[in-house]
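Chemist: Pasting a structure here, questions to come.
The values are calculated or read from the model by the stated rules, or taken from the named source; none is laboratory data. These numbers come from a predicted model, not from an experiment. Note that each Cβ is placed from the backbone with ideal geometry, even for glycine, and that neighbours are counted across all protein chains shown.
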Amino acid sequence: MAADRTVPALGASIPDDGARDVPSTLSVALRFSEPLATTSVSTGTVTLTGPAGPVAIGVVPAESGLLAFVTPTSPLQAGTTYLLERRGVLDTAGWPLAATRLTFTTAPRGGAAGGGGAGSSDPRSPNSSAPGQPAERDGDRGRGDDQDDAPGTDARSLPPLVAGAGVTAVSGRALQLDEIPPGHREMLIEPPASDG
């Protein structure tokens, strides 16, 4: 096996650098050109800063270091520009990811952020309602899961996932399966069997 001589790079992000009207309840998704050492992807190497200073975040590497998700611990201020920086992040061979910066601006209060939440006109949104029809609420579904009314727990208020050609975007929500909390479940997606 050949030695890794490639410096890692940021391949893509959601939102894009310079994005505007970003929902204040976002999770930033980062895709890298190669797997990073997951131990180097943390709140010590990834920071989010707003006009009032550092923002408390959670950082979760995924897919063996190819992805990272950065989630503020509380909603961001409306109509505000934020800076996400990565410093000291390494790939699995120890090569550093160049220090990179990503800026985005949250939607103004009451603005049309296209977040796909309740009352959204985005037809891809699970909560989109036909013109003139009231938006469906959790209570209307009769599921009986009272956690949906807690602040910050409505996953349907997140923007829809978007992926480029040849890339699969997957999202989902598991409240509880077979009496096992969702933190103890693993999902495995295998490619379809070939016909040859």
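Chemist: Search the stretch 68-79 for residues being touching a Pro at 6+ places or on another chain (Cβ under 9 Å) and buried (at least 18 other Cβ atoms within 10 Å of the Cβ), and hand back the single one that is nearest to Val28 (Cα to Cα).
Modeler: For the stretch 68-79, the residue satisfying everything is Ala68.
Chemist: When only residues in the stretch 57-67 that are over 12 Å from Arg31 (Cβ atoms) and of a type outside the set (Val, Ile, Thr) count, which is surrounded by the most Cβ atoms within 10 Å (Cβ to Cβ)?
Modeler: Pass one, the stretch 57-67, residues over 12 Å from Arg31 (Cβ atoms): 57-60, 64.
Add one more test, that the residue is of a type outside the set (Val, Ile, Thr), and what stays is 58, 64.
Working: Gly58: 13, Ser64: 11.
So the residue we want is Gly58.
Chemist: Find the residue count for the stretch 69-89, including only residues that are modelled with pLDDT of 95 or more and either assigned to a strand (DSSP E or B) or at positive phi (or both).
Modeler: Adding up the residues that qualify gives 10.
Chemist: A further question follows. Name the residue, out of Thr105, Thr92, that is surrounded by 15 or more Cβ atoms within 10 Å (Cβ to Cβ) and at pLDDT below 95. Can you show your working first?
Modeler: On the way: Thr105 fails: at pLDDT below 95.
Answer to the check: Thr92.
Chemist: Which count do you get for residues in the stretch 13-53 that are aliphatic (A, V, I, L, M) and loosely packed, with under 14 Cβ neighbours inside 10 Å? Give the derivation first.
Modeler: Initially, the stretch 13-53 is screened for residues aliphatic (A, V, I, L, M), giving 14, 19, 22, 26, 28-30, 36-37, 41, 46, 48, 52.
Of the ones still in play, those that are also loosely packed, with under 14 Cβ neighbours inside 10 Å are 52.
Number satisfying all stated conditions: 1.
Chemist: Please pick out the residue among Gly65, Gly44 that is touching a residue at least 24 places away in the same chain (Cβ under 8 Å) and on the phi > 0 side of the Ramachandran plot.
Modeler: Gly65
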